[in-house]
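Bear in mind these aren't lab numbers, they're just calculated from the coordinates by the rules spelled out. Worth saying up front: this structure is predicted, and the values here are computed from it rather than measured. No Cβ is skipped: glycine too gets one built from the backbone with ideal geometry, and neighbour counts run over all protein chains shown.
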Amino acid sequence: MDPTYYRRWHLAKTIPELKVTEFEYAVIRYYEAFIRWVQSAVEVVSPLDIGFAEHLILHVIRMQNRPKAAATIARMINRDDIPNIQYCLRKLETAKLIEKKKEKGSKTFTYSVTEEGQKLTNEYSDLRSELLIKNLSAIADVQERLEDATQLLSVLTGVYEESGRISSTYNQKPAE
């Protein structure tokens, strides 16, 4: 479609800007749909009041079946707000989905998934397979397309991180 008649984005004055803007808009819509999916699925498998962030962190802790520190969890999900992650960890611990242990000879605490946490993540995994994975199979070449999208998003994460670092060296525009 001719971009002249497509959309008049304030962020898209050129074709490359239009492509990036459309992609960013798609990522935003995908992210919100992903959150809604996770929250809906969690409500099916658990009566607990845990939100998207807690559920995501629970699965990250369970990855590779080994305990993880808050800083490791933050690094794995590309977050730098450790206090918010610690809040989520406290909620998960209170819900008895994870347990906190102090490393020997260290000030660092690690977190591991309890039996109850494993039960919840297994039930979520089963529901995910039954609904989401089954629906994805209707998309032609979905595995290859997901692999390509994953690689692209990983590279773009680096580009956005670097652009953010560079922008932090700019002076703030003075108020008028």
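Compute the Rg/Rh shape ratio of the stretch 3-138: radius of gyration over Kirkwood radius, all on alpha-carbon atoms. So for the stretch 3-138, dividing Rg by the Kirkwood Rh gives 1.10.
Look at where the Cα atoms of the stretch 21-89 and of the stretch 114-176 average out, and the two centres are 10 Å apart. Subtracting the Cα-Cα distance of residue 20 and residue 172 from their residue separation scaled by 0.36 nm leaves 52.3 nm. Amide H to amide H under 5 Å from residue 98: which residues, 5+ apart in sequence or cross-chain, H placed 1.01 Å off N in plane? It is 93, 114, by chain and number.
Amide H to amide H, with H built 1.01 Å from N, residue 69 comes under 5 Å of 111, counting only residues 5 or more places away or on other chains. Note on the chain: dipole from Cβ charges, positive end direction compared against 39, 50, 71; the farthest Cα belongs to 71. Overall, the chain carries a charge dipole of about 660 debye about its Cα centre when +1 sits on the Cβ of Lys and Arg and -1 on the Cβ of Asp and Glu, all other atoms neutral. Based on the convex hull around the alpha carbon atoms, the stretch 100-176 presents an average projected area of 11.7 nm².
Taking every alpha-carbon pair under 8 Å whose residues sit at least 6 apart, the stretch 1-117 reaches a relative contact order of 20 percent.
The string of couplings for the stretch 62-67 from the Karplus curve (6.51, -1.76, 1.60, θ = phi - 60°) is 6, 3, 6, 6, 9, x Hz, one whole number per residue in order, with x for Gly and Pro. Report summary: the helix-based calculation at 222 nm, which adds -39500 (n - 2.57) for every DSSP H run with n ≥ 4 and divides by the residues of the chain, gives -20000 deg cm²/dmol. Taking a quarter of the surface of the Cα convex hull of the stretch 68-125 gives a mean projected area of 4.4 nm². Just to be sure I understand: with springs between alpha-carbon atoms less than 10 Å apart, which residue in 126, 141, 49 has the highest mean-square fluctuation in the Gaussian network model of the chain? Judging by the Gaussian network model, the answer is 141.
In order along the stretch 82-95, phi translates into HN-Hα couplings of 3, x, 5, 5, 4, 4, 4, 4, 5, 4, 5, 5, 4, 7 Hz, rounded to whole numbers, per the Karplus curve 6.51 cos²θ - 1.76 cosθ + 1.60 with θ = phi - 60° and x for Gly and Pro.
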